[in-house]
Amino acid sequence: MLIDDLTNEGLVSKLGTRWHGVSDQVMGGISEATVSHGVIGGRPSLRMTGDVRLENDGGFIQAALDLAPSGETIDASTFTGVRIVVRGNGEKYSIHLRTPDNFRPWQSYRAHFTAGSDWETIDLPFATFVPYRLETPLNTTRLRRIGLVAIGRAFYADLVVSELGFYR
């Protein structure tokens, strides 16, 4: 199931929802994020760049996408995991999934990957997503949001995504 092929210059996904940037500034941090559309390496892409800073208990930037309008959820239980076509600056990044079980803003289900300088297709099975600061296992019948995240250490993030979806 294709979530987005990043062909819409306004960053509206194939699901009809819009990508947006979020940083730790929502909680007093000073990290800065830029989320933009462009053609990179010949592919329409979303690019997330910015400095991840740890001051003021900060430490993240994110490109986030609601998977359905108005806080609704989608059922991805017939799929095996998340597929992403990506390149970057050799740093470690994360995909965060959220469901209605995530009551606090810092709660999510997380899987990590490294984005090298060449385009690469990365499959992240749902079984590898680890609950962060919650006990409830991931319920793929009720996915609400997906995030591309640079988190946890001070570094310059430069992540480029040309396709995102669920795979069987």
Checklist line | Residues (at positive phi and assigned to a strand (DSSP E or B)) located in segment 48-68 | finding: Gly50
Next item on the list: Report the residue count in segment 67-82 for those that are out of contact with any Pro (no Cβ under 9 Å at 6 or more places or on another chain) and not acidic (Asp, Glu).
Entry: 9
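For the condition assigned to a loop (DSSP other than H, G, I, E, B), closer than 16 Å to Asp158 by Cα and at pLDDT 95 or above, what is the one hit in Ser31, Ser36, Ser45?
Ser31
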Note to self: Just checking, does segment 54-73 include any residue being in contact (Cβ under 8 Å) with a residue 12 or more places away in the chain, in contact with a Gly (Cβ under 9 Å, 6 or more places away or on another chain) and of a type in the set (Asp, Glu)?
What the structure shows: yes
Item checked: Close pairs (7 angstrom Cβ cut-off, 6 or more residues apart or separate chains): surrounded by 17 or more Cβ atoms within 10 Å (Cβ to Cβ) and in a loop (DSSP other than H, G, I, E, B) in segment 4-22, polar (S, T, N, Q) and at pLDDT 95 or above anywhere -> Leu6/Ser45; Leu6/Ser162; Trp19/Ser13
Margin query: Among the residues in segment 110-128, are any in contact (Cβ under 8 Å) with a residue 12 or more places away in the chain, more than 20 Å from Val12 (Cβ to Cβ), part of a loop (DSSP other than H, G, I, E, B) and within 16 Å of the chain's Cα centre (by Cα)?
Written below: no
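Could you please let me know if Thr140 is surrounded by 14 or more Cβ atoms within 10 Å (Cβ to Cβ) and either out of contact with any strand residue (DSSP E or B) (no Cβ under 6 Å at 6 or more places or on another chain) or of a type in the set (D, E, K, R) (or both)?
When the stated conditions are applied, Thr140 passes them.
Could you check how many residues of segment 48-83 are closer than 21 Å to Arg144 by Cβ and either of a type in the set (A, V, I, L, M) or at pLDDT 95 or above (or both)?
Of all residues in segment 48-83, those closer than 21 Å to Arg144 by Cβ come to 48, 60-83.
Restricting the remaining residues to those that are either of a type in the set (A, V, I, L, M) or at pLDDT 95 or above (or both) gives 48, 60-68, 72-83.
Of the residues in segment 48-83, 22 are closer than 21 Å to Arg144 by Cβ and either of a type in the set (A, V, I, L, M) or at pLDDT 95 or above (or both).
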Next item on the list: State yes or no: is Ser94 at pLDDT 95 or above, assigned to a loop (DSSP other than H, G, I, E, B) and either over 17 Å from the mean Cα position of the chain (by Cα) or closer than 23 Å to Glu135 by Cα (or both)?
Entry: no
Next item on the list: Could you grab me the full set of residues in segment 61-107 that are of a type in the set (S, T, N, Q), closer than 21 Å to Gln25 by Cβ and exposed (fewer than 15 other Cβ atoms within 10 Å of the Cβ)?
Entry: none
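The values are calculated or read from the model by the stated rules, or taken from the named source; none is laboratory data. None of these values were measured; they are calculated from a predicted model. Cβ: placed from backbone, ideal geometry, glycine included. Neighbour counts: every protein chain shown.
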